[in-house]
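Here's a structure for you.
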Amino acid sequence: MVQLTDFQDLQRQAMADWESLHQDGRPIIMVGTATCGRSAGSLEVLDALRAATEKQEIDCHIFEVGCTGACYAEPLVYIIKPDQPAIVYGDVTPQLAPRLIQSYLIKDNPLPRYSIGTFGNGRIEGIPDLFSTPVFEPQARRALNRCGFIDPTSLEHYLANDGYTGVTKAFAIGPEQVIEEVKNAGLRGRGGAGFPTWRKWRFCRDAPSDQKYLICNADEGDPGAFMNRSLLEGDPHAVLEGMIIAGYALGASIGYIYCRAEYPLALERLRGAIKQAKEHGLLGDNILDSGFDFHIKIKEGAGAFVCGEETALIASIEGKRGMPTPRPPFPAVSGLWGKPTIINNVESLADVGLILQNGSDWFAEYGTEKSKGTKTIALVGKVKNTGLVEVPLGITLRELVFDIGGGAPDGKAFKAVQTGGPSGGCIPESLLDTPVDYDSLNAAGTIMGSGGVVVMDERTCMVDFARYFLDFAEKESCGKCVPCRLGTKQLLGILEDICAGNGRPGDIEMLEELGRGIKAGSLCGLGQTAPNPVLTTIRYFRDEYEAHIHEKRCPAGACKSLISYYINNDLCVGCTLCAQNCSTSAITGEFKGPHYIDQDICTQCGVCYTVCPKKANAVEIISPSLRL
Amino acid sequence: MEKIKLTIDGLEIEAEAGTSVLDAALANDIYIPHLCHHPDLKPVGACRLCGVDVNGRMEMSCLLPVREGLDVKTNSPEVGATRQVAIELLLADHPQGCLSCGASLQCELLHIADHIGVDGERIERLRRPSEPLPIDNSNPFFSFDPNKCVLCGICVRTCEDIVGLGVLDFVNRGSRTVIGTFGNEPFIDSICESCGECVVRCPVGSLAPKRWQRPSHEVQSTCVYCGVGCGIYLGVKGDQVVSVRADRERPSNQGSLCVKGRYGYNFINHKDRLTTPLIKKEGQFVEATWDEALDLVAEKFADYKGSEFAALASAKCTNEDNYLIQKFTRAVMQTNTVDHCARL
């Protein structure tokens, strides 16, 4: 058995190693190899860096780190020279990698134009301080504080950065006090509904049972959301630490992590972290001689969105089809295998670790009166700086979209922002000063959700946007209850008709009536929120629906059936690029001569619009369609 | 059993503690529309039709336990609007061939639509399903038409909880969800034993017997296939048996039947069935009276007492018949050599 003193020795050793990592005079090279980095080619960059340092015979530390959140600049490479701040290089290619080594490590030229910022002590001329840049300055990185800065496969790195001190603190103060601490912190569930975490724990702790379970809900399924994945990939021990503390507070000896199988890297990192925690006595029987036993099992989900719903998730772990069951009984009273069960989101659990490490006052420094702390957000869509951010609750959507996100790219005008994924609603520009907190977003007709934020610009059709989310909800409905199964199908059918120019007068009212019926009648949260994208787009963008139905016109120029591409020959320079790229040979025209699109052959793929040189900008989108 | 008083739509009723509001209402002749509820099965709250208003909050009455002083409204505007949407969605998704459907007037969906009242124009506003799904006719006794299925899940729960086989489950997701066997194979290739318990509980015409006629009257009887002695009602039309229905009151089967008892009744009116004893005379079987046959058997038995005699009884006989056989063999034929085909 591992005693508390053994753990403290381990911790001291880890801190000493961390210190020497930064002080031994060798440069450090870190590469962001979370899934986002890998898909941008960071593993190739890592290989190139290794090859370059070997070739140049540079004695340095090279290791992989998780995601810092700057997805727009992946692959990211961090180079720290002794006594210098870390330089973060963005958009690094395998070709650029050896140049960085050669230029910065050997010749001491940091190549500022490839860098997005520095962090740590000191400044480097020509490179801004990363955390003072508009993207990072408004952020408050707490749950993500280690993400991207430590090696996620290293327990020592985690320990050297306050890791597992939350667990020792919890054991020192006892389970009742742990719940009290989480209550004082004002932590609300980060998975979407925002229920106070301590209250849920209280129900479960007070429920008499010989066995209780804790489940970490890592079934992140919203389109465009990747907060939990990034955290699991970049700092898996943070989630394990939160689980140990939660399990201790509840009196649960078994914890499950329900993680979707589409997250292979997160699963790999979790398995590795669990193995390390077991080896060092942080998981298992009688953890650090506290008398508390806790075991963690991983259950891979098959990618059903509905399995994020608590009762469906439990059914899935039990080996049944992932279908929700009516509540009561609530899982806190009768959950997995009929035993009291608490399901907490990945981020909630990471926050629990932070609360115990730093205290509830520290946690509650940020946030509003009713929504304390910070929130990780996946900022995606038509925004310049897409990525993973963490902001204090209460920041306005405007700050999020324009300050951090940098607004819509390519000079397009911002139109709307969707929060909460398929369950959330759209917010128009007029409401952009809405604070990002549970209650304000609810009042605006949407939800906080798990933290996915999708930005739309003037080229996004709001009817098409609603159609996209209903298509998702209709496919992901479990099929159990009538309003959700058949209602989402009807909503989708009507939206498809409207987008195709087959909308009928009365369809908007039909959508609203069905939407209300589905919300009121559905069995679980999926159906109860599925109509939100439709209802909020009707609420804020009714004119777009009416233009589609009555004028067969798509104001955003996005719905293919309602638009035509047209070449304005007053602007056309006759470069022939459009004709060369047209997949259906619908464009005719000579070099330096006028060009024409045969509307009968054109499939509205939009390639001509994309390839037309910016300075000419001769391809126009016309709606209603020119086709008869 | 403790009695509880509650009010439904202003009427005070009494119900047994532990029952649901839906069961209490139905027991008191107050109809609340419901599609996925079946008295033999645990409630699941899937159809969302049985919603009632309790202090302005909608609850599914199949899941709501009765409690003292509960005041329930079955048709408040909110509950009514939600139910209206649900039934319209179901009808828009359902084939419109009621006249040729086997469920006919037994159809629960029709019953509910009739109760709620449906505006045909509103249904027309909704989008109809495009391509019909193929009908599974592989089972010799019943067919499965997924187009008529309302996914109440009664068949799934029946097979799992009553029959204990678990042949059926929900397959696919969203609006593509259908009821299916393992791997969504045809019924004939599944582990289905064709007992038909799901078929009799299907509230619509989705699972329907292939050979069925409405009887003019029913005769209470006992199934002849085995010693269990399941209680049945034989449906009769003229001098023909046209249907079999399980007797829910008979202790031995409590409303259940197997494939033979439920579907194997065509032998009754079959032309090859022996209706009189036959005696072989000059190498040919000749029809005889029971007296002639019994006399002949008695006469021959007299020649083979003791170890020359053995009796093998049939499992299709009742326990009483089998008791008599062994008594006859031991007492009259004076041998213990008596056996039964089910002892193998």
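Give the cross-link partners of A:K382 among the lysines, using a straight C-alpha distance below 18 Å as the criterion and excluding same-chain residues fewer than 8 apart.
Straight-distance partners of A:K382: A:K412, A:K415.
Past the 22 Å Cα-Cα mark, which pairs from A:K480/A:K519; A:K339/B:K42; A:K200/A:K375; B:K237/B:K271; A:K183/A:K519?
From A:K480/A:K519; A:K339/B:K42; A:K200/A:K375; B:K237/B:K271; A:K183/A:K519, over 22 Å: A:K183/A:K519.
Of the GluC sites (Glu not before Pro) in the stretch B:158-261, which ones lie in a loop per DSSP and count no more than 14 other C-beta atoms within 10 Å?
B:E193, B:E249
Considering amide H positions built from the backbone, and no H for Pro or chain starts, which residues 5 or more places from A:G367, or on another chain, come under 5 Å of its amide H?
For A:G367, whose amide H was placed from the backbone, the distant partners under 5 Å are A:G373, A:L393.
Tabulate in residue order the Karplus-calculated ³J(HN,Hα) for the stretch A:78-94, using 6.51 cos²θ - 1.76 cosθ + 1.60 with θ = phi - 60°, rounded to whole Hz; enter x for Gly and Pro.
Ordered by residue, 3J(HN,Hα) equals 10, 10, 10, 8, x, 6, 10, x, 6, 9, 9, 9, x, 6, 7, 10, x Hz.
For the stretch A:18-132, state the semi-axes of the equivalent ellipsoid (square roots of 5 times the eigenvalues of the alpha-carbon gyration tensor), sorted largest first and rounded to whole angstrom.
Ellipsoid half-lengths, sorted descending, are 18, 17, 14 Å.
Determine the calculated [θ] at 222 nm for chain A from helices alone, applying -39500 (n - 2.57) to every DSSP H run no shorter than 4 residues and normalising by the residue count; nearest 500 deg cm²/dmol.
Helices in chain A give a 222 nm mean residue ellipticity of -11000 deg cm²/dmol.
Could you grab the relative contact order for the stretch A:374-457? Cα pairs under 8 Å, six or more apart, rounded to a whole percent.
Relative contact order comes out at 37 percent.
Run the quick spin-label model on A:Q23 and A:E137: label points 7 Å from Cα toward the beta carbon, then report their separation in nm to one decimal.
According to this spin-label approximation, the distance is 3.4 nm.
A follow-up question, please. Name the long-range amide H neighbours of A:I343: under 5 Å, sequence gap of 5 or more, or other chain; modelled H, no Pro or chain starts.
Close amide H contacts, sequence-distant or interchain: A:I215.
Here's something else I'd like to know. Using only the alpha-carbon atoms, what does the stretch A:563-622 span along each of its principal axes? Please give whole angstrom values in decreasing order.
Cα extents, longest axis first: 24, 20, 16 Å.
Please list, by residue number, everything in the stretch B:67-83 whose backbone N is under 18 Å from a paramagnetic label point 7 Å out along Cα→Cβ of B:A27.
B:67-72
Hey, another quick one. What does DSSP give for the protein assembly as shown in terms of the percent of beta bridges that are antiparallel, rounded to the nearest 5?
Counting only bridges with both partners in the protein assembly as shown, antiparallel ones make up about 70 percent.
For labels at A:R199 and A:D433 in the simple 7 Å Cα→Cβ model, what's the distance in nm?
It is 3.1 nm.
Still on this structure: With axes computed from alpha carbons, what is the tilt in degrees of helix A:346-358 against the longest principal axis of chain A, rounded to the nearest 10 within 0 to 90?
The answer is roughly 40 degrees.
Oh, and also: Which GluC sites (Glu not before Pro) does the stretch A:278-379 hold that lie in a coil by DSSP with at most 16 other beta carbons within 10 Å?
A:E318, A:E365, A:E369
Using a 7 Å offset from Cα along Cα-Cβ at A:E262, what residues in the stretch A:225-248 end up with backbone N under 17 Å from the label point?
Residues A:225-233 fall inside that zone.
According to the Cα gyration tensor, what semi-axes, each the square root of 5 times an eigenvalue, does the equivalent ellipsoid of the stretch B:131-210 have, listed from largest to smallest in whole Å?
17, 14, 13
List, in order, the whole-Hz ³J(HN,Hα) value for each residue of the stretch A:14-23 obtained from phi through the Karplus relation with A = 6.51, B = -1.76, C = 1.60 and θ = phi - 60°; use x for Gly and Pro.
Working through the residues one at a time gives 4, 5, 5, 5, 4, 4, 5, 4, 8, 10 Hz.
Apply the a/c threshold of 1.5 to the C-alpha gyration tensor of the stretch A:357-406 and tell me whether it is rounded, prolate or oblate.
prolate
Can you pull the one-decimal nm distance between simple spin-label points at B:N147 and A:T153, each 7 Å off the Cα toward Cβ?
Here the answer is 5.7 nm between the modelled labels.
Also, I was wondering about something else. Provide the net charge surrounding A:K200, with neighbours chosen by a C-beta distance below 12 Å and charges set as Lys +1, Arg +1, Asp -1, Glu -1.
+3
Ok, one more. For chain A, what is the relative contact order in percent, using Cα pairs closer than 8 Å and at least 6 residues apart in sequence?
11 percent.
Oh, and also: I need the per residue convex hull volume for the stretch B:194-344, using only the alpha carbons, in cubic angstrom as a whole number.
Roughly 166 Å³ of hull volume per residue.
Further question: For the stretch A:359-493, what is the convex hull volume of its Cα atoms per residue in Å³?
124 Å³
Show me, for the stretch A:24-35, the HN-Hα J-couplings you get by feeding each phi into the Karplus relation (A = 6.51, B = -1.76, C = 1.60, θ = phi - 60°), rounded to Hz, glycine and proline as x.
7, x, 9, x, 10, 10, 10, 10, x, 10, 6, 4
Further, regarding this structure: Quick one: what does P(r) look like for the stretch B:3-125 with 5 Å bins over all Cα pairs, in whole %?
All Cα pairs, binned at 5 Å, distribute as 2, 11, 21, 22, 19, 12, 8, 4, 2, 0 percent.
Taking N as the number of residues in the protein assembly as shown, what is its Cα Rg relative to 2.2 N^0.38 Å?
My calculation over the Cα atoms of the protein assembly as shown gives 1.19.
Still on this model: Rank A:Y596, A:A238, A:Q56 by how far each Cα sits towards the positive end of the charge dipole of chain A (+1 on Lys, Arg Cβ; -1 on Asp, Glu Cβ) and give me just the farthest.
A:Y596
Mind pulling the angle between the C-alpha long axis of helix A:462-476 and the longest principal axis of chain A? Nearest 10 degrees, somewhere in 0 to 90.
Orientation of helix A:462-476: about 50 degrees from the principal axis.
Sum up the charges of everything whose Cβ sits under 11 Å from the Cβ of A:L431, counting Lys and Arg as +1 and Asp and Glu as -1, but leave A:L431 out.
0
Quick one: compute the contact order of the stretch B:3-125, relative version, from alpha carbon pairs under 8 angstrom and 6+ residues apart, as a percent.
Relative contact order, the stretch B:3-125: 25 percent.
For the stretch A:462-551, what is one quarter of the convex hull surface built on the Cα atoms, given in nm²?
Averaged projected hull area, Cα only: 4.8 nm².
For B:S143, list long-range residues whose amide hydrogen, built 1.01 Å from N in the peptide plane, is under 5 Å from its own amide hydrogen.
B:A208, B:K210
List the trypsin sites (Lys or Arg not before Pro) in the stretch A:450-531 that DSSP assigns to loop (not H, G, I, E or B) and whose Cβ has at most 16 other Cβ atoms within 10 Å. Which are they?
Counting only loop positions with at most 16 other Cβ atoms within 10 Å, the trypsin sites (Lys or Arg not before Pro) in the stretch A:450-531 are A:R459.
In addition: With charges set only on the Cβ (+1 for Lys and Arg, -1 for Asp and Glu), what does the dipole of the protein assembly as shown come to about its Cα centre, in debye to the nearest 20?
1000 debye
May I ask for the angle, rounded to the nearest 10°, between helix A:532-551 and the longest principal axis of chain A, with both axes built from Cα atoms and the value confined to 0 to 90°?
Helix A:532-551 sits at roughly 10 degrees to that axis.
D for chain B, whole µm²/s, Stokes-Einstein with Kirkwood Rh over alpha-carbon pairs at 25 °C and 0.890 mPa s: what number?
In µm²/s, the coefficient rounds to 102.
Return the ratio Rg/(2.2 N^0.38 Å) for the stretch B:304-343, where Rg is computed over Cα atoms only.
1.09
While we're looking at this one, here's another question. Using the Kirkwood formula on the Cα atoms of the stretch A:213-281, what hydrodynamic radius do you get, in angstrom to one decimal?
Taking every pair of different Cα atoms in the stretch A:213-281, averaging 1/r and inverting gives 12.5 Å.
Read the figures in this text as sums done on the coordinates, not as results from a lab. Quick caveat: nothing in here was measured; it's all calculated off a predicted structure. Note that each Cβ is placed from the backbone with ideal geometry, even for glycine, and that neighbours are counted across all protein chains shown.
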